[in-house]
Amino acid sequence: DGRRVHVIERDLMEPNRIVGELLQPGGYLKLVELGLDDCVEEIDAHPVVGYALFKDGKITKTPYPLGNFQANVAGRSFHNGRFIQRMREKAASLPNVRMEEGTVTSLFEENGIVKGVHYKTKDGQEHKSYAPLTIVCDGGFSNLRRSLCNPKVDIPSCFVGMALENCQLPVPNHGHVVLTDPSPILFYPISSSEVRCLVDVPAGQKLPSIANGEMAKYLKTKVAPQIPDELRDAFISKVEKGSIRTATNRSMPAAPKTTPGALLLGDAFNMRHPLTGGGMTVALSDVVVLRNLIKPLQDFHDAASLNQYLESFYTLRKPVASTINTLANSAYQVFSASSDEAREVMRQASVDYLGLGGIYTSGAMALLSGLNPSPSSLIFHFLAMAIFGVGRLLLPFPSPKRLWIGAKLIWVSIFLSQNSHQMGTFAFYKILIDKN
């Protein structure tokens, strides 16, 4: 929009991460809105057109509903660092953007209004950068968020990651979710020659040590036997080479403290379990909402007026963000193994429901892909999945045990639906009330 922007990055070298590598189609459409869709070009990115679910030796294919979109619209999977560098290059190419390497140490205020940041450059020099609007987006490990929100960070699990080589995915151009014990394993392409593997280890389970060989033993004896045959040899070969990394998964609801002159974005502000790959879609959607919201403002120096716009941002983002967040956290719970028979029934029912085809598959995948992040649609599919599961339990003859399991299924679905309603649908009503 032609505004002068000072970008302060702690490290401008290419990041090397094992997460943030899958962009859902809904996130790709946000890139298009921002004029950044070329950032997934020339980085050996792969189109992703759906998911393949593996359970008990069976494969369930769940395509994205892309029929009404142009041929280039799909998900993308890639090396996260390459994508980040392309966006940095795009930003740095603009004459109104100043990009600098430095570490922000704190925000500074005048009369209760954030006026900018203190930061240090690599040579140790301390500087101040003044701005009428400071956007803090320093990631999941943010050290600035406490002054702008009330963070309640949960750690549901860890990912154990590696890049498999010399193998082909069973279903090309699909993300693969293998439902194993204790929790899911993800596979997706990140280049022409590499497949990312992420093994989830739940928080209640001690993470085996890489240094003393416990991790390699765990992966070869516990995990490898549950992996599809096509990927097992490449998986074991990578484990034996010792190229294993870990990443902590975090979940944090958005709990902003209205602070004149400043705003949080990205994982610094809001996180969900990364199982569904929704993080970048939420972040990019937030950027589009913010860009459209403040576009009419000619001058950001009127702090009171700017603050009113920023307060609206928190309401306008909720329908998309809460839907994707609720789905991600719920999917992780449903797809994880459990000794509770009702949860195991729901796990199988969810896979079979996604394989029904028609509006059931397309509607659920429209939610997961970010193409239709609608709270009302999420509630519908939660309840439809529960009814589907209960119906199978009670046929042909209901028994007391099956009735009890069915009641538990309905209870869980109502809880998830209420959570979705409170987080998302309420936002629609609030928008209407505010406008009236």
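Before moving on, here are some points about what is shown:
- Taking segment 35-59 as the range and being under 19 Å from the mean Cα position of the chain (by Cα) and open to solvent by 40 Å² or more (accessible area, probe 1.4 Å) as the test, the residues that pass are Asp37, His46, Pro47, Val49.
- Some residue of segment 354-361 being outside the structural domain of Asp200 (by the TED database), of a type in the set (Gly, Ala, Ser) and closer than 23 Å to Pro253 by Cβ: no
- Ile379 fulfils the conditions (1) at positive phi; (2) buried (at least 20 other Cβ atoms within 10 Å of the Cβ) except for a single criterion, (1).
- Residues in segment 286-321 that are hydroxyl-bearing (Ser, Thr, Tyr) and either in contact with a Lys or Arg (Cβ under 9 Å, 6 or more places away or on another chain) or outside the structural domain of Pro132 (by the TED database) (or both): Thr315 alone.
- Residue within segment 293-300 that is open to solvent by 20 Å² or more (accessible area, probe 1.4 Å) and in a strand (DSSP E or B) present: no
- Residue list for segment 284-329, restricted to those being under 24 Å from Met252 (Cβ atoms) and among the acidic types (Asp, Glu): Asp286, Glu311
- Selection status of Gly102, over 18 Å from Ala366 (Cβ atoms), at pLDDT 95 or above, of a type outside the set (Ser, Thr, Tyr) and not assigned by the TED database to the domain that holds Asp229: yes
- Selection count, segment 111-146, where residues are more than 17 Å from Ser305 (Cβ to Cβ) and more than 26 Å from the chain's Cα centre (by Cα): 15
- Filter result for the condition that a residue is among the basic types (Lys, Arg) and open to solvent by less than 60 Å² (accessible area, probe 1.4 Å), over Arg88, Arg98: Arg88
- Of the criteria (1) out of contact with any helix residue (DSSP H, G or I) (no Cβ under 6 Å at 6 or more places or on another chain); (2) buried (at least 23 other Cβ atoms within 10 Å of the Cβ), which one Met252 fails: (2)
- Residue match in segment 115-133 (condition: crowded, with 20+ Cβ neighbours inside 10 Å and in contact with a helix residue (DSSP H, G or I) (Cβ under 7 Å, 6 or more places away or on another chain)): yes
- Of all residues making up segment 221-249, the number that are open to solvent by 10 Å² or more (accessible area, probe 1.4 Å) and part of a helix (DSSP H, G or I): 14
- Single residue of segment 335-356 satisfying the filter (surrounded by 20 or more Cβ atoms within 10 Å (Cβ to Cβ) and farther than 14 Å from Arg392 by Cβ) that is farthest from the chain's Cα centre (by Cα): Leu354
- Any hit, segment 372-387, residues being of a type in the set (Val, Ile, Thr) and at pLDDT 95 or above: no
- Asn68 vs. criteria at pLDDT below 95, open to solvent by 40 Å² or more (accessible area, probe 1.4 Å) and more than 28 Å from Lys257 (Cβ to Cβ): yes
- Complete set of residues in segment 357-374 that are open to solvent by 40 Å² or more (accessible area, probe 1.4 Å) and either in a helix (DSSP H, G or I) or hydroxyl-bearing (Ser, Thr, Tyr) (or both): Gly358, Ile359, Tyr360, Ser362
- Selected residue (criterion: most open to solvent (accessible area, probe 1.4 Å)) from residues of segment 301-317 that are part of a loop (DSSP other than H, G, I, E, B) and charged (D, E, K, R): Asp302
- Remark: Leu144 falls outside the filter, which requires a residue to be touching a Leu at 6+ places or on another chain (Cβ under 8 Å) and crowded, with 21+ Cβ neighbours inside 10 Å.
The values are calculated or read from the model by the stated rules, or taken from the named source; none is laboratory data. Everything numeric here is computed off the predicted structure, so don't read it as measured data. When we count neighbours, we look across all protein chains shown, and the Cβ atoms used for this are built from the backbone with ideal geometry, even at glycine. When the accessible area is computed, the model is the full protein with side chains, heavy atoms only, and any ligands, DNA or RNA have been set aside. Shrake-Rupley method; radii C 1.70, N 1.55, O 1.52, S 1.80 Å.
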